[in-house]
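Values in this text are rule-based calculations from the coordinates and carry no lab data. Values in this document were obtained by computation on a predicted structure and should not be read as measured data. All Cβ positions, glycine included, derive from the backbone under ideal geometry; neighbour counts span all protein chains shown.
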Amino acid sequence: MERLFEDIIVVNNLIDVKEIKIINPIFICVISHTETSRIPGLTIAGANLDLIQQTPTADAEFLYYGKCKCINGVPATPDGKPTPAIITRTALNIASIPFLVVDAGVKIKPSIPFYSFDLHCGNNILNNLAMILEDVKKGYQYGRILGEQLTKSNDLVILGESIPSGTTTALGVLLSLGIDAINKTSSSMPCNPHELKNQVIRSSMQRHNIKFGEFKNKPFTAISYMGDPMIPSVAGIASGVLDNGGRVMLAGGTQMCAVLAFLKCLKINTKNISIGTTKYILDDSQAGFEELVYSIDKEIGVLAVDLHMKESSKRGLKAFSEGFVKEGVGAGGVSIASILKMKGKINGSKLLKRIEEEYQLKIGQFFSGRM
């Protein structure tokens, strides 16, 4: 791996960072919910099971306001580990990158202006189909419409997500599409609950009599049985952009692998797609991000950003380097885009300093003595 622009890591030789020109990027944050997140032990996104359903809404509100209206306080764990939206918000502001929020099936509507794809939230895949097939198709079709419009004014569309337990539903989709993702998915926790995830997916597949690769030629059905509303929505936006000559950065980790696999099954040309994530996803010894990505698409460019969280004086931020949270709300991709748009005038260390200032101002006051 080669370091260019100081803190952007090029995972392969398919991208020359020095040659990337970004003038008018836009970030699209797709927020969604799956009842699968109510299975205890799958996520730390939210202080308790009832608050988990508010996490995507809180993330979206935080991007706009630097605070939340749907909850009292801020989107952080009880001991001060913040939402990755704090990284995203900081990077967006530094580089003056505009953003939009898409509601792809949240339970609690955010108090912000947003696009709605008119989707129901995802069901618990242990008990039901994840989504009705009509909703899967609607999410994809609405996404294509939005993506086509975005291409008319933006030279790069950065796609991120906020959906608790999305790595579990991504695992189910990947397996049903014939991608070996067992023990390769990331987690918001330092101790990745692979055994629990595998058990959930195994039980769901057995319940529906689904075998590995059962839906490799039926990607919409795969999401209907095992996925969540975020996947077809993000994939739809990406395909709308790509089919109209635009560029896409999938900002995230495991969940974006499910999006990529879905697009590949649909024979979408992925030449102008890259993946942007954080170093903490790349370095996760309990997952297999690189192996997973290249089992789906050997030609895709992958970038990761080092935000120097290990050096942070804020314990809540330092936790990112210790295996907590790691990524989400497009944090890695937006940080990369901000560095590229500003032609290297900022780097990971400078971003960290601004993130720390944002943390102290917006979040630190709620966790004095635990920071």
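Couple of notes before you dig in:
- Selection within region 3-32 - outside any strand (DSSP E or B) and either without any contact (Cβ under 8 Å) to a residue 40 or more places away in the chain or of a type outside the set (Val, Ile, Thr) (or both): Phe5, Glu6, Asp7, Asn12, Asn13, Leu14, Asp16, Lys18, Glu19, Lys21, Asn24, Ser32
- Count of region 267-310 residues which are assigned to a helix (DSSP H, G or I) and closer than 15 Å to Gly253 by Cβ: 12
- Within region 54-63, one or more residues are without any contact (Cβ under 8 Å) to a residue 60 or more places away in the chain and in contact with a Gly (Cβ under 8 Å, 6 or more places away or on another chain).
- Applying a threshold of 6 Å to beta carbon distances and a minimum spacing of six or more residues, or different chains, the list of pairs starting in region 120-136 at a residue that is surrounded by fewer than 16 Cβ atoms within 10 Å (Cβ to Cβ) and ending at one that is assigned to a loop (DSSP other than H, G, I, E, B) reads His120/Gly105.
- Condition check for Leu51 on (1) under 23 Å from Ala170 (Cβ atoms); (2) of a type in the set (A, V, I, L, M); (3) under 16 Å from the mean Cα position of the chain (by Cα): one failure, at (3).
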